[in-house]
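> Before I ask anything, let me first share the structure, which is written out below as structure tokens.
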Amino acid sequence: MKRSGRISPVTYRADEARERNMIGEKIKGLRREAKISLRDFSVILRERGISVTPASINKWELGQTLPNAYQLLAIFDCFRMDDPAGFFSENGLLNEEGLRKVAEYKEDLAASGRYVPDRDEGENIVYVQMPVSLLSASAGTGDFLDDDGFEFRSFPKGSVPEGADFGVRVDGDSMMPKFEDGQVVWVRRAETLRSGEEGLFVLNGNGFIKLYRELPAPAGSQESGWNRPVLFSYNSAYEPIVVGTEDSFRICGKILSL
């Protein structure tokens, strides 16, 4: 087949790049370097006109899906990457001709008004001060909810749900992909929950962030005849935690979503 002189020689293989998850790894690296949670990244992208859930971002990072061209340009803007070559060249994703094509595409979008590369988003973001527990949810809870067990931190207002009383850090991967290790989740103080709600709990001296359900105890057991609390993880590698009658258990709050 005769090729035009405008087509570069084959130096890039999309199938190989996808297999190595090069784009997903780059997005994850940039986000973690900036210490941004999946949920906060979702809010930041929404401010740029991209509506994407934390779970969808997680799928990008795992290589299960890929951002489209407009989403990728918004990611460039989030990390102030005016030159897309900085995103691709470190991983060897594109050759020189490919990088030139990406730059041309960005210029075309900027000319059309669909992409503004040089805006200062910091001027438009309102921050609020919120208390965050000094201990993660799965740490010992002696000081977990004490008045002096919190620090105040700044967060984009749009990332804090209305009605939140405080934040607490997730410890571990049991609630992935919705909540990731180190992420701050927002809690409204509550002593009761409805079955199917996410909550913050203290069970036998340890804190947990789990999905709360009330399920009938097995027939013939000592607990037969009443519904017992069961705490579920989103990560299927973790078994449900059944709360028994002799366990020390209390509900501390409801996890809020945006």
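Computed from the coordinates by the stated procedures, all read-outs in this text should not be read as laboratory data. All values reported here derive from a predicted model rather than from experimental measurement. Quick reminder, even Gly has a Cβ in these numbers, built from the backbone with ideal geometry, and neighbours come from all protein chains shown.
> Net charge near Val170: determine it from the other residues with C-beta under 10 Å of the C-beta of Val170, scoring Lys and Arg +1 and Asp and Glu -1.
-2
> Taking 0.36 nm per intervening residue step and subtracting the Cα-Cα distance, what contour gain separates Val52 from Lys157 on full extension?
So the chain would gain 36.0 nm between Val52 and Lys157.
> Something else about it: About the Cα centre of the stretch 127-256, how large is the charge dipole given +1 on each Lys and Arg Cβ and -1 on each Asp and Glu Cβ? Please answer in debye to the nearest 20.
For the stretch 127-256, the charge dipole is close to 420 debye.
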